[in-house]
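Reviewing the structure listed below.
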Amino acid sequence: PGLHAQPGDSLALAFGRALEAFARRAYEALTTVQQGRTAMPEEDRQSLVGEAGKALQTLVQGNHLDVSRDLVFCLEAFNVSRGRPVTQQAWLSECLCRILQQAVNVAPPQHRTQWCDTMRNRMREEADLYSNVDVRAWPNILKMASTVAPTDHEMMQADAFIAQVRLQLCLGGDRQTLHNGLSQAAKLVADLKMSTAFGSEEIREMFNDRRKFSRHERQNLLVDALRGAPRPFAQDVLRGMDDIEVDLSERDDEEMKLVTDLLRVLNEDIRCCRHAFFKMKCDWIAGRWAGVVHNEELTPEQVCDHIEDEENHEDFLRVAVNRCLKFNRKFEAARMLARPASHGTRVFETNRNDKQLAYLVSLYQDLEPLPDSFGPVEDSALMLPTSATDVLYVDGYGPALFQLQQDLLDRQEPLAIGIWWAWRCFDPRIDFWPRASLLAIVYEGTFALVDFLRLEESGDHERAGKDVIRRILEAPQILKVVHDIDNTAMQVLQRGVILQAELHSVSPHWTTISPALDLSVVGAFIRRTRPGALKLSGLTFDFLRLEMCMAEALSNWERRPLRQTQRHYALTLAWCPLAIVRILCSFKLIAPEEVRLMVMRFGSPSVPQGWDRDLRGRVCFSSDMSNVLVQDDPLGGFGGIQGAYAENLWDNESEEAQQFRQNLTRPDPKVDLRSALLQAVPSLLLTNQADATIAASATEDLFHHPTASRTLASLYAAYKDFMTRKAQGEEEA
């Protein structure tokens, strides 16, 4: 150290200068090339830094160097890499950390602790320290200090650090130098988790300079800077860009593309950016080459159902009507304009002078709307064995919620229930955070709807209401029967059950569904195919001999009040899987031990993200692969079993009924069910013996034959009563 000492210097100050000089000279020695070869022999190159560390260890062990006192100014040595390229900076910082770590490791424990406390105090209290350190070295410094005691970015002076980031990395003279500096700054901000200290406005100004950088360059900078940032903060940055810089009048606005690309890469909720959300809905209606109106995927009434309660209703209506008129589809445009919500809009007034369109609008206005009644929209479809007045509607902290809690939680008895949920997603390629708005629960003749949107509007009652639902979903004695659940559907439900204020928190508590039984697995096992290949509509037709009404499948589940037909459809999605599983079990198409093997837990954080792909792609319940259906096979939505329509062929001894039951496929005896599931989705299965035992008692409810017979009798009685009332209504009309 004496080589670098100056008059009046303490040993600590001189040693700090010596460390800096060593790192600089070591790098020069290692990289110097003479006549095409490195100046230092390879053996010495490999051992140089290690030997320096051993030399420091010798000094510390011989009491010639006091770590707690003589390494006080070691941080200033990290200034050696300032202004150097990234690779040089990384080597120099790691070199210093390595030799310092070797010295600290052999110091007495008390000295190590004192040294670490001194470093932490300097980071907290000495603002001048940051001007004497290469700002890029801080991740290595914190990592080195944390080996002695917990040390993170919270120990640093945020203002001093931010000032040095601006000074050292964000003042490049030319464009390339500035971009390199900003790229290093973005990664540094993310590594040190300092994005919130900068603030959303500073992040936008620093990394989103559209005067100097292209859209793709800015996207890379912002992605690096926001990596690992809290979701509310990242959304605040994106919201500011969306509010200030996006121009909706430009069809191909670069800033809009930047915001949507960032939303996609960062996996953020597009609903936090009102302009991007508006553009996505416009494209969903009628994009340049796609959209539900462009492709005629929805009826005019269904399109209006999705847009009439929106803040930008007139804008969406104009997009839909203009696309219809562009392709001379005036009948569809007229049906949209004839709706009461369209009257008085600028779109309606603009098209008044089109006499042909105005005439069609007048015709549609004279038509009486179909009455909204609890039941299917389509003729001769499945009718649930209940009435609108008997449905429990949970929309707050009241009697309906109390009954749900009393029936399912207070009794503590094993029970099987059917559940499903409804949500709205406009574009799965960018709309990553849809939430369940409605949950249907069916059990023992009770039909319940839990309205998450209304619960969230109830204020303080949201917590109490959602806590009951979470406890039901996780209750070990309640077997939840679902159909074809996947990762997307599970996440949608989890976002619906969690408190609205905690949705984007750092570590939200996601609910699970356990124990659960998926009809798609049971049906695939019996039909000798893959899970996910059989649609609920096809299974309903095959085993219940009735068609499901799908008219409300694409309706707006966020619009209130819900139509009675929507309520009926949502409950059907929960009732049919439970009824079908109960029939398959009680009529012995599947054995109790086989059902117990299929009980799973969905939504656990320990489960791999691709569990649904594994379940559908790696599991096959057939030894003959030639006739196996795959996911999304068109045949999966159609019934393939012959039999009379709307007849109870299960509790019937007629020749036709007996033939129907004989024709039903049974599980393949050559398939080892346990091995098939364990090899593909072991993380979904109940491995805890206590949980498996409790779940097994709940599966026994499915094999109760009298309950299955009552379910079938009530179903066909409800269907016949519905058809009778419908016929009487048509006669009166």
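Observations on the model:
- Filtered by the rule that a residue be outside any helix (DSSP H, G or I) and open to solvent by less than 10 Å² (accessible area, probe 1.4 Å), region 394-421 gives V394, L415, A416, I417, G418, I419, W421.
- Across region 442-470, the qualifying residues are those that are among the aromatic types (F, W, Y) and more than 25 Å from the chain's Cα centre (by Cα), and the one among them that is surrounded by the fewest Cβ atoms within 10 Å (Cβ to Cβ) is Y443.
- Residue list for region 589-610, filter: part of a helix (DSSP H, G or I) and either in contact (Cβ under 8 Å) with a residue 24 or more places away in the chain or open to solvent by less than 30 Å² (accessible area, probe 1.4 Å) (or both): P592, E594, V595, R596, L597, M598
- Pick from region 301-346, criterion open to solvent by 10 Å² or more (accessible area, probe 1.4 Å) and hydrophobic (A, V, I, L, M, F, W, C), ranking: farthest from R274 (Cα to Cα): F331
- Residue selected from region 502-520 under the condition touching an Asp or Glu at 6+ places or on another chain (Cβ under 9 Å) and not hydroxyl-bearing (S, T, Y), by the criterion surrounded by the fewest Cβ atoms within 10 Å (Cβ to Cβ): H509
- Residues of region 270-279 satisfying the condition of being crowded, with 22+ Cβ neighbours inside 10 Å and in contact with a Phe, Trp or Tyr (Cβ under 9 Å, 6 or more places away or on another chain): I270
- Selection of region 358-392 for residues being crowded, with 18+ Cβ neighbours inside 10 Å and either in contact with a His (Cβ under 7 Å, 6 or more places away or on another chain) or not β-branched (V, I, T) (or both) yields L360, F374, G375, P376, A381, L382, M383, L384, P385.
- Pair list, Cβ under 9 Å, 6 or more apart: region 228-248 residue among the aromatic types (F, W, Y), other residue surrounded by 15 or more Cβ atoms within 10 Å (Cβ to Cβ): F233/S195; F233/T196; F233/S200; F233/I203; F233/L226
- Any hit, region 696-708, residues being surrounded by fewer than 16 Cβ atoms within 10 Å (Cβ to Cβ) and not in a helix (DSSP H, G or I): yes
- Failed condition for L712, given (1) part of a helix (DSSP H, G or I); (2) modelled with pLDDT under 95: (2)
- In region 565-587, the count of residues that are assigned to a loop (DSSP other than H, G, I, E, B) and either surrounded by fewer than 23 Cβ atoms within 10 Å (Cβ to Cβ) or modelled with pLDDT of 95 or more (or both) is one or more.
- Complete set of residues in region 521-535 that are surrounded by fewer than 22 Cβ atoms within 10 Å (Cβ to Cβ) and out of contact with any Asp or Glu (no Cβ under 7 Å at 6 or more places or on another chain): I526
- Flag if A690 is within 43 Å of the chain's Cα centre (by Cα) and loosely packed, with under 13 Cβ neighbours inside 10 Å: yes
- Filtered residues of region 236-255 (kept if surrounded by fewer than 22 Cβ atoms within 10 Å (Cβ to Cβ), in contact with an Asp or Glu (Cβ under 7 Å, 6 or more places away or on another chain) and part of a helix (DSSP H, G or I)): G240, E255
- Of all residues in region 611-640, those satisfying the criterion of being open to solvent by 90 Å² or more (accessible area, probe 1.4 Å) and either at positive phi or at pLDDT 90 or above (or both) are R613, R618, D632.
- Some residue of region 148-168 being of a type in the set (V, I, T), assigned to a loop (DSSP other than H, G, I, E, B) and open to solvent by less than 40 Å² (accessible area, probe 1.4 Å): yes
- Residue list for region 73-125, filter: among the aromatic types (F, W, Y), open to solvent by 50 Å² or more (accessible area, probe 1.4 Å) and not in a loop (DSSP other than H, G, I, E, B): W91
The values are calculated or read from the model by the stated rules, or taken from the named source; none is laboratory data. As the structure is a computational prediction, the values presented were derived from the model and not from experiment. FYI the Cβ positions are ideal-geometry reconstructions off the backbone, even for glycines, and counts take in every protein chain you see. Side chains included, ligands, DNA and RNA excluded: accessible areas come from the protein's heavy atoms. Shrake-Rupley method; radii C 1.70, N 1.55, O 1.52, S 1.80 Å.
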